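Down below is the structure, laid out as structure tokens.
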Amino acid sequence: MKYHRFIFVALLVFLFGIFAVCQEPEIRPDKIWDAAAILKEPPKFKLGYKAGLVQEIYYDGEPFNGNPTRVFGYLGVPEGEGPFNGKFPAILLIHGGGGKAFANWAEHWAARGYYAIAVDLAGKGPEGPLPDGGPNQDDNGKFRDFTVQDGDYKNMWTYHSISAILRAHSILASYNRIEPSKIAATGISWGGYLTCILSGVDDKLCCAVPVYGCGFLHENSAWVPRFNIMPAENKERWISLFDPSKHINRATCPLLFATGTNDFAYPLDSLEKTYKSPKGEVMLSITIRRPHSHIFSFKEVDTFIDSHIFAGTDKAVKPLAKISPVTLSDDGKTASVSFKPEVPIIKAELSYTTADGVWKDREWKTIPAKIDGDAVSADLPLNPSPSCYYFLLTDERNLPVSSPLVIVR
């Protein structure tokens, strides 16, 4: 009898072990990229044609379907001497869907005194597809089914893109003319999505700015229809590895999220969940109907990055105003925030919508808000009441910064 009981208990333990193994993730999100190893050993690279402040760069990428790859980019090179004992800051420039490595983006930052790499994430060079480029950036390259145990996830576009950006970071950090502790990143649209992931993967970033991009794509984004036709197992696998929500919670560097109220791809409810996730400082710049495109002339982006890069130096830039979460009066009729301005605030507004439904279709309005010292307040509209609202403050440099959202419905 004791023998049979022993066999029965052993069988239960064995079955429980199998069940437990089956329930474990196939790979932990924080183990997908070995950022420390990549940053420690820069890839082989070669410089090409140079025009003005910008030069072509090619470097070794991740293998794709077992074959070696090259990554192309534009290297922006500033003139003169850098402010950090002769060394310069640097920035990683991450394009969005349908985009490419933009030479004028690298030139913009080089003219501002930064080394910059605008990296191509579509397997292309300056004249078109490279024969040894990685995956392209179409929806199939981003969302196709993949497996983990045999390493197929390493053929996915997101895996290649983050790896390529980390390799670009390692190249910049290895330059003797660059201060490695002063490297930032910014990305636009799908590049903003990648910047969110990168901020949780790359702990050497000084600061980062996702423009438009965010996480929780499976809950609400332009790609929900794509997720809806995925088999459940495939969907969960993609989310667990490649949704920014699984990575940005590890971010410690300062972040600025810049977007518009009616962004068609990355709606405000998903943005809110994303910006609440990081461990470090988070700031927002949400403007009504900000256009969605490869735009790199948003001055608040430049200022936010400068303020962190040059903090404590003779080139220090006054930061954007820090705004508290919104609070309500006891009767719930008046909303207010406090703020810490380094530059005088010249305008304060309450932005709100009373509409429900799809975020990109909601109508937004603004009303003036009252500035009283370091506080701003406004009476909430009634009948109908807002479904979402926030404060927008503009300083004398004409730079907009937002309070956290209040999403009612």
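Each reported figure results from applying straightforward, stated rules to the coordinates on display, with no laboratory input. None of the values given here were measured: they were computed from a predicted structure. Because the Cβ atoms are built from the backbone with ideal geometry, glycine has one as well, and the counts that use them run over all protein chains shown.
Under the rule of -39500 (n - 2.57) per DSSP H run of 4 or more residues, summed and divided by the residues of the chain, what mean residue ellipticity at 222 nm is obtained, to the nearest 500 deg cm²/dmol?
-8000 deg cm²/dmol
Suppose R0 equals 35 Å. What FRET efficiency, 1/(1 + (r/R0)^6) with r the Cβ-Cβ distance, do residue 26 and residue 311 give to the nearest 0.05?
0.25
For region 149-306, what is the convex hull volume of the alpha-carbon atoms per residue, in Å³?
Dividing the Cα hull volume of region 149-306 by its residue count gives 116 Å³.
Over the Cα atoms, compute the radius of gyration (one decimal) and Dmax (the largest Cα-Cα distance, rounded to a whole number) for region 110-190, in Å.
Values for region 110-190 (Cα only, Rg and Dmax): 15.0, 46 Å.
For labels at residue 385 and residue 111 in the simple 7 Å Cα→Cβ model, what's the distance in nm?
Output for this residue pair reads 4.9 nm.
Quick one: which of 70-81, 163-174 comes out on top by average Cβ neighbours within 10 Å, and what's the full order, highest first?
Final packing ranking: 163-174, 70-81.
Is any helix in the chain, taking whole DSSP H runs, at least 27 angstrom long along its axis by alpha carbon and on average at least 0.0 on the Kyte-Doolittle scale, and which ones?
2-23
Between residue 334 and residue 288, what is the label-point separation in nm under the 7 Å Cα-to-beta-carbon projection?
For residue 288 paired with residue 334, the spin-label model returns 2.4 nm.
What length, rounded to one decimal in nm, is gained on full extension from residue 295 through to residue 65, with 0.36 nm per residue of separation minus their alpha-carbon distance?
That works out to 79.5 nm of additional length.
Rounded, prolate or oblate for region 199-283? Axes are the square roots of the Cα gyration tensor eigenvalues, ordered a ≥ b ≥ c, and the cut-off for rounded is a/c under 1.5.
In terms of gyration-tensor shape, oblate.
Search the structure for amide H atoms under 5 Å from the amide H of residue 347, placed 1.01 Å from N in the peptide plane, and list their residues when 5 or more places away or on another chain.
Result for residue 347 returns 394.
Would you calculate the volume per residue, in Å³, of the smallest convex hull containing every Cα atom of the chain?
194 Å³
Run the paramagnetic zone check for residue 41: 7 angstrom along Cα to Cβ, then residues of region 155-191 with backbone nitrogen under 11 Å.
So the set is empty, nothing qualifies.
Go through 154/204; 46/154; 204/360; 154/322; 44/315; 50/318 and tell me which ones have a Cα-Cα distance over 29 Å in this structure.
204/360; 154/322; 44/315; 50/318
For a quick size check, give me the Cα extents of region 263-409 along its three principal axes, largest first, whole Å.
Principal extents (largest minus smallest coordinate, Cα): 52, 37, 28 Å.
Given a cut-off of under 8 Å on Cα pairs at least six residues apart, what relative contact order in percent is computed for the chain?
This gives 11 percent for the chain.
Please report, in whole Å³, the volume per residue of the convex hull around the C-alpha atoms of region 235-306.
Given the Cα convex hull of region 235-306, per-residue volume reads 108 Å³.
From the alpha carbon gyration tensor of region 153-240, can you work out the equivalent ellipsoid semi-axes (sqrt of 5 times each eigenvalue) and give them in Å, largest to smallest?
Value: 29, 14, 9 Å, ordered largest first.
Work out the FRET efficiency for residue 232 and residue 398 from their Cβ-Cβ distance, taking R0 = 45 Å, and round it to the nearest 0.05.
0.40
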